[in-house]
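Here, each number is a calculation from the coordinates, and none is a lab measurement. Since this is a predicted model, take the numbers as computed values, not measurements.
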Amino acid sequence: MKRCVLLFAMILAGVINAAAQDICPTGKVCIDQSTANRLFDVANQLVEAKDVIAKMLAERGASDAAIASAMKTIEGWQSLDAINNTIIAKQKDVIALYERTITLYAGLVDGLEKRLSKPKSAWSRFVDILKNAAILLAGVSLGRGI
């Protein structure tokens, strides 16, 4: 009888052990190994995706810095172009002023040439003779006074 009880106890222990393997302990979650493998693969993919996202954000930051630098360069070129346009406009004004000055100077030279080439009047010749005589008389009187 002891053998039957012992055999019955062993069978009962085996049944309880088999049943216990299907029931999860309190506070724990039991899953199949295939599900655990899929979860592990998904977790690895998530970690890799986070690394790729971090790299892309770093590249984007470098790209944003390059774009900002290019925008500053473009703004600098635009301001330089505006200054160049101002210089060209001022240059045109200076050239126009220079041309007007040359025109006025040419008119002045023509007027002086006409006055110089104009024959002397009798009065002008008489004043020149009196001027020369006054210089001669001043020279003679100074020469006698010495």
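Here are the numbers:
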{"item": "Along each principal axis, Cα extent of region 51-142, largest first, Å", "result": "115, 33, 10"}
{"item": "Chain lengthening between Val29 and Asn85 when straightened (0.36 nm per residue, less Cα-Cα)", "result": "12.5 nm"}
